[in-house]
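The values are calculated or read from the model by the stated rules, or taken from the named source; none is laboratory data. Computed from a predicted structure; not experimentally measured. Neighbour counts run over all protein chains shown; Cβ positions are idealised from the backbone, glycine included.
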Amino acid sequence: MLSEEEPDEQQLPREEKHKAAARADRWLSKYERKSRFLNKMSEDYDVFDNVFDMPTLMTINELRRDGIIQYIETSLAAGKESKVYLAVAPDSSLRIVKIYLIVSAEFKKRMQYIAGDPRFSDIKRGSRSLIMTWARKEFKNMHTAHAAGVRVPLPIAVKKNVLVMEFVADSEGNPMPALINTEEITLNDYQQVIEQMTMLYQKAKLVHADLSEYNIFKTNLGIMLFDFGSAIDIQQPNSKQFLFRDVSNINRFFEKRGIEVLPTAQVIEKIRGDTK
């Protein structure tokens, strides 16, 4: 038996039926558009509103049309500034899609990594412009580091707030864990990190500026650095300060793992080439 609050659908006025049908069509259309790009995604729908707003969906669609990705497979990691997804390319290979959150307030703290960098002097006011600049900055930093021979994931494409890069996997095809989650840490790992930092500084002319055990891979080919959004040119006024912090972070991590580390000042001299 129907209550007064729940009238029979057959008794609804024709105009109300049309409105209800229109709402349902709009919802279905929106859902289908999102499902087309997020094939096999198993997250709650509130993620759509926070990450996959319509401009981002349109950007992903452009990457699909360009043959960069075919669809997004699943979520891998989430942070305050971005979310990372595993995507499938048209040739069935796997790629990483990093989406910078347009709604994130964290980027307002990131101007110190952009100020004074002539590559990004055209940045406009507004969080959306800043975030798109940040995505472009990470892509350029990765490209510069890769070209200089530093081991980094290969950058593939960047469009607005979406960055696509190489998927780094272990021998079984699983996502490579960061150094913080790696059980076996050796002196050779420490030496390789310093070597990669040295190449980054002397050949790519960059300081990572956010380096820690959370953004270093231990791969079959050796130590690999990632997360280059904060990386700055060595001519940037704060580069020495950021290099000191990077080295301090690395020394602290390896020392905790029982590895004998070099004094911070000595490592910095080595990286900058101040010693013979």
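A few remarks follow.
- Only a single item in (1) of a type outside the set (S, T, N, Q); (2) modelled with pLDDT of 90 or more; (3) closer than 30 Å to ILE259 by Cα is not met by ALA135, and it is number (3).
- Looking only at region 189-212, and only at residues there that are in contact with a helix residue (DSSP H, G or I) (Cβ under 7 Å, 6 or more places away or on another chain) and not aliphatic (A, V, I, L, M), the one that is surrounded by the fewest Cβ atoms within 10 Å (Cβ to Cβ): THR198
- Candidate set: region 229-269, residues that are among the aliphatic types (A, V, I, L, M) and out of contact with any helix residue (DSSP H, G or I) (no Cβ under 7 Å at 6 or more places or on another chain); chosen: the one farthest from ASP189 (Cα to Cα): ALA265
- Each residue in region 213-258 was checked for being in a loop (DSSP other than H, G, I, E, B) and either assigned by TED's automatic domain parsing to the domain that holds ASN141 or not hydrophobic (A, V, I, L, M, F, W, C) (or both), and 10 of them qualify.
- Selection count, region 59-86, where residues are closer than 15 Å to ASN161 by Cα, out of contact with any Phe, Trp or Tyr (no Cβ under 9 Å at 6 or more places or on another chain) and polar (S, T, N, Q): 1
- Some residue of region 258-274 being touching a strand residue (DSSP E or B) at 6+ places or on another chain (Cβ under 6 Å) and either closer than 27 Å to ALA147 by Cβ or surrounded by 19 or more Cβ atoms within 10 Å (Cβ to Cβ) (or both): no
- Filter pass, MET197 being of a type outside the set (Lys, Arg), more than 27 Å from TYR85 (Cβ to Cβ) and not assigned by TED's automatic domain parsing to the domain that holds PHE139: yes
- Candidates in region 73-91 are the residues that are surrounded by fewer than 16 Cβ atoms within 10 Å (Cβ to Cβ) and of a type outside the set (Gly, Ala, Ser); of these, the one that is farthest from LEU57 (Cα to Cα) is ASP91.
- Restricting the first member to region 168-187 and to residues that are assigned by TED's automatic domain parsing to the domain that holds THR219, and the second to residues that are in a loop (DSSP other than H, G, I, E, B) and of a type in the set (Lys, Arg), the beta-carbon pairs closer than 6 Å and six or more apart or on different chains are ILE185/ARG257.
- For region 167-180, a residue qualifies if it is at pLDDT below 95 and out of contact with any Phe, Trp or Tyr (no Cβ under 8 Å at 6 or more places or on another chain), and the qualifying residues are ALA169, ASP170, SER171, GLU172, GLY173, ASN174.
Residue-wise test of (1) under 25 Å from TRP134 (Cβ atoms); (2) under 21 Å from the mean Cα position of the chain (by Cα).
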site	(1), (2)
ARG151	yes, yes
SER171	no, no
ASP189	no, no
ALA231	yes, yes
PRO237	yes, no
PHE242	yes, yes
SER248	yes, no
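- Checked against (1) free of Cβ contacts under 8 Å to residues at least 24 places away in the same chain; (2) under 19 Å from THR264 (Cβ atoms); (3) in a loop (DSSP other than H, G, I, E, B), ALA209 meets all criteria but (1).
- Of all residues in region 231-248, at least one satisfies being touching a Ser or Thr at 6+ places or on another chain (Cβ under 6 Å) and farther than 24 Å from ILE96 by Cβ.
- Hits in region 201-226 - residues which are over 19 Å from the mean Cα position of the chain (by Cα), at pLDDT 95 or above and on the phi < 0 side of the Ramachandran plot: TYR201, GLN202, LYS203, ALA204
- For LYS98: the one exception among (1) basic (Lys, Arg); (2) in a helix (DSSP H, G or I); (3) at pLDDT 55 or above; (4) surrounded by 13 or more Cβ atoms within 10 Å (Cβ to Cβ): (2)
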